Amino acid sequence: MTMPPSVVITGTSSGIGRASALALHARGFTVFAGVRDLADAEDLRATSGGGIVPVRIDVTDAESIATAVAQVEAATGMAGLAGLVNNAGSGAPWPMELVPLQVFREHLEVNLTGQLAVTQAFLPLIKRARGRIVNVGSEGGRITLPFLGPITVAKHGLVSVTDALRMELRPWGVQVSIVEPGATRSRAPVKLVDHGRRAVAELFTARGRADYGVTFLHVIEKIAAGHERTGSPPEVIARAVVQAMTAPRPRTRYPAGGHARLLTRLRRVLPDRAMDALFLRMLGVDRASSTGV
Ligand SMILES: NC(=O)c1ccc[n+]([C@@H]2O[C@H](COP(=O)([O-])OP(=O)(O)OC[C@H]3O[C@@H](n4cnc5c(N)ncnc54)[C@H](OP(=O)(O)O)[C@@H]3O)[C@@H](O)[C@H]2O)c1
């Protein structure tokens with residue numbers, strides 16, 4: 001009897017990762033569901049009849065990655081790994097003038113360096129299966145909104161990592177794609193507002209609060225409200241992940257959900273200042289500064 005193909009997904013405790021784990025399992029994959037706390041994937045394991053296997057992965061912790069690789073290798077043997085979905089990510093909004101450099105570095109670690117660390121560690125198993133890598137980027141890897149700089153810098157970097165890997169891994173038949181979600185309904189928008197409020201109250205300097213506080217909170221609340229209003233359910237993004245993992249000839253990029261397709265198209269045709277004006281208007285920033293909203 002042949003074993004079903006196996007995939008590893010990071011960040012499956014909620015949102016897009018969790019929806020992707022369920023969708024790939026439904027397509028017949030054995031899913032190694034990466035979580036920082038194994039209890040977070042217990043219900044996934046319980047409902048899947050053993051087809052979803054929780055595995056502890058913190059993408060910033062080399063030891064947890066190495067342990068996960070050993071566990072997956074023991075389970076997959078010579079068949080190797082058919083796919084890796086680098087989905088884990090998190091971000092807090094900050095004005096670029098104020099973001100503490102340590103916080104900026106942590107954003108790169110969780111959203112960019114961590115994805116490469118996981119990829120490097122699993123590549124021997126992926127090459128064995130001529131498998132696939134699917135990075136979960138963001139429309140924020142193509143466009144930049146004010147105050148989301150620390151996360152969008154990392155997502156822009158992930159586009160480049162994806163492009164480099166795709167060309168470099170061609171000799172091994174390893175396909176590499178990026179799924180680029182637009183606004184998606186998950187815990188992320190709530191976390192964004194919580195982080196933002198806490199930063200203004202506890203971490204901004206008095207000067208920073210005076211310079212940015214009102215506009216900053218106005219913008220992130222507007223972004224979060226937009227996610228709630230027009231965001232896609234995570235299952236929409238999970239469908240793109242499944243396509244990238246199963247299409248006979250996968251596309252290099254999958255803009256998915258929200259306004260991802262529209263915004264990335266606009267980015268290609270509009271000059272920078274026109275994009276700036278569009279975003280500032282959309283976010284009501286001019287109004288906020290002139291009326292003290
Ligand atoms: N929601 C959106 O609108 C949106 C838009 C564009 C792109 N994305 C991208 O989609 C991906 C999934 O986000 P989501 O919206 O589904 O948000 P989410 O529900 O907050 O899920 C994020 C996942 O990443 C995990 N994670 C965070 N830090 C980690 C670390 N150091 N190591 C391993 N796992 C870690 C979280 O685990 P814990 O539970 O342990 O924190 C959680 O499982 C992210 O890469 C995000 O940037 C989301």
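The values are calculated or read from the model by the stated rules, or taken from the named source; none is laboratory data. Just so you know, these numbers come straight off a predicted model, no measurement behind them. As a convention, Cβ positions derive from the backbone with ideal geometry for all residues, glycine included, and neighbour counts pool all protein chains shown.
Taking the stretch 28-137 and the helices (runs of 4 or more DSSP H) fully enclosed by it, the elements with 3 or more residues that are within 27 Å of Thr184 (Cα to Cα) and at pLDDT below 95 are at 42-47. Can you tell which of Gly137, Gly83 is buried (at least 23 other Cβ atoms within 10 Å of the Cβ) and within 13 Å of the chain's Cα centre (by Cα)? Every option except Gly137 fails the conditions.
Of all residues in the stretch 267-277, those satisfying the criterion of being in a helix (DSSP H, G or I), more than 22 Å from the chain's Cα centre (by Cα) and surrounded by 10 or more Cβ atoms within 10 Å (Cβ to Cβ) are Ala274, Met275, Asp276, Ala277. Output the residue which, of all residues in the stretch 149-188 that are closer than 14 Å to Val134 by Cα and assigned to a strand (DSSP E or B), is farthest from the ligand (Cβ to nearest atom). Result: Gln175.
Checked against the criterion of being surrounded by fewer than 14 Cβ atoms within 10 Å (Cβ to Cβ), assigned to a helix (DSSP H, G or I) and of a type in the set (Gly, Ala, Ser), the stretch 234-256 contains not a single residue that satisfies it.
The set of residues in the stretch 58-74 being of a type in the set (A, V, I, L, M) and surrounded by fewer than 15 Cβ atoms within 10 Å (Cβ to Cβ) consists of Ala62, Ala66, Ala70, Ala74. Pairing residues of the stretch 109-129 that are of a type in the set (Phe, Trp, Tyr) with residues that are within 16 Å of the ligand (Cβ to nearest atom) and outside any helix (DSSP H, G or I), at Cβ distances under 8 Å and at least 6 apart in sequence or on separate chains, gives Phe122/Val8; Phe122/Leu84. If only residues of the stretch 189-200 that are in contact with a Leu (Cβ under 9 Å, 6 or more places away or on another chain) and over 18 Å from Glu139 (Cα atoms) are counted, the one that is farthest from the ligand (Cβ to nearest atom) is Val200. Here the stretch 8-32 is the region considered, the condition is being within 12 Å of Thr246 (Cα to Cα) and of a type outside the set (Gly, Ala, Ser), and the residue that is nearest to the ligand (Cβ to nearest atom) is Leu24.
Annotation: of all residues in the stretch 1-13 being surrounded by fewer than 24 Cβ atoms within 10 Å (Cβ to Cβ) and at pLDDT 95 or above, the one that is farthest from the chain's Cα centre (by Cα) is Pro5. Residues that are touching a strand residue (DSSP E or B) at 6+ places or on another chain (Cβ under 9 Å) and outside any loop (DSSP other than H, G, I, E, B) were ranked within the stretch 217-233; the one that is farthest from the ligand (Cβ to nearest atom) is Ser232. Which residues, counting only those in the stretch 145-192, are surrounded by fewer than 17 Cβ atoms within 10 Å (Cβ to Cβ) and more than 23 Å from Phe122 (Cα to Cα)? Arg187, Val190, Lys191 - these are the residues of the stretch 145-192 that are surrounded by fewer than 17 Cβ atoms within 10 Å (Cβ to Cβ) and more than 23 Å from Phe122 (Cα to Cα).
The C-beta contact set for the stretch 62-78 (first residue touching a residue at least 12 places away in the same chain (Cβ under 8 Å), second residue aromatic (Phe, Trp, Tyr) and part of a helix (DSSP H, G or I), distance under 7 angstrom, 6+ apart or interchain) comprises Val69/Phe122.
Restricting to the stretch 105-141, count the residues that are in contact with a strand residue (DSSP E or B) (Cβ under 7 Å, 6 or more places away or on another chain) and closer than 21 Å to Asp272 by Cβ. Talk me through it step by step, then tell me what you get.
So the first thing to find is which residues in the stretch 105-141 are in contact with a strand residue (DSSP E or B) (Cβ under 7 Å, 6 or more places away or on another chain), and the list is 115, 118-119, 122, 126, 131-139, 141.
Applying the additional criterion that residues be closer than 21 Å to Asp272 by Cβ yields 137-139, 141.
Number of matching residues: 4.
Going through (1) surrounded by 14 or more Cβ atoms within 10 Å (Cβ to Cβ); (2) more than 30 Å from Leu24 (Cα to Cα); (3) under 23 Å from the mean Cα position of the chain (by Cα) one by one, Asp211 falls short only on (3). In the stretch 89-102, the residue that is nearest to the ligand (Cβ to nearest atom) out of those that are out of contact with any helix residue (DSSP H, G or I) (no Cβ under 7 Å at 6 or more places or on another chain) and in contact (Cβ under 8 Å) with a residue 12 or more places away in the chain is Pro100.
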